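Report on the structure given below.
The values are calculated or read from the model by the stated rules, or taken from the named source; none is laboratory data. If you're wondering where the values come from, they're calculated on a predicted model, not measured in any experiment. No Cβ is skipped: glycine too gets one built from the backbone with ideal geometry, and neighbour counts run over all protein chains shown. Just the protein is used for accessible areas: all its heavy atoms, side chains included, with ligands, DNA and RNA removed. Shrake-Rupley method; radii C 1.70, N 1.55, O 1.52, S 1.80 Å.
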Amino acid sequence: MERTFLMVKPDGVQRNLIGEIVSRFEKKGFQLVGAKLMQISQELAEQHYGEHKERPFFGELVDFITSGPVFAMVWEGENVIATARQMMGATNPKDAAPATIRGDFAATVGKNIIHGSDSPESAVREIGLFFKEEEVVEYSKLI
Ligand code: CMP
């Protein structure tokens, strides 16, 4: 079964959107198999966003993601990587369709509420960065 890494960013946590966001993925039919409220260190932020290191906004990105608690999650389900990206909406909220998370709740590209893995390779890498193996459960066997 496919897994993805999703994270409510500091702006989403501060705006009390954790419940709303978790609820959307639950209602869609995906399963939450890992979750934690955490403060990202400078080192983890730089690793997570390593591919953007040369971008002019890299410093701003790292400052923002370390500015307050985030809610890190692992979700499981069929095609969850691509479907979660659709549910999140375009990276820049000005292009995000209504009824997507960014379309409904975000206004700027820097503070765009949520991060989601963009490929199976990113999902494996990001889940590994944020979660220890024993922090991800396998309760689908119980259902
Ligand atoms: P995310 O999906 O977390 O991955 C990289 C992030 O970089 C992206 O969401 C945006 O929040 C952020 N980003 C992209 N472009 C810009 C920009 N021009 N200025 C600030 N942040 C940006």
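Quick notes
- Accessible-area composition of segment 4-143, carbon plus sulfur, in percent [1.4 Å probe]: 51 percent
- Between Ser41 and Phe58, the modelled label-to-label distance comes to 2.0 nm, taking each label 7 Å out from Cα in the direction of the beta carbon.
- Per residue, the chain exposes 54 Å² of accessible surface when a 1.4 Å probe is rolled over the protein heavy atoms with every protein chain present.
- Residue ranking by accessible heavy-atom surface, 1.4 Å probe, largest first, among Arg102, Arg3, Arg125, Arg15 comes out as Arg15, Arg125, Arg3, Arg102.
- Residues of the chain were split at every exposed loop site, defined as GluC sites (Glu not before Pro) in a DSSP loop with at most 16 other C-beta atoms within 10 angstrom, and the longest piece left, sites excluded, is 79-137.
- Count, lysine Cα pairs under 23 Å in the chain, 8 or more residues apart or across chains: 17
- Net charge of Cβ neighbours under 13 Å - reference Val8; Lys, Arg +1; Asp, Glu -1: +4
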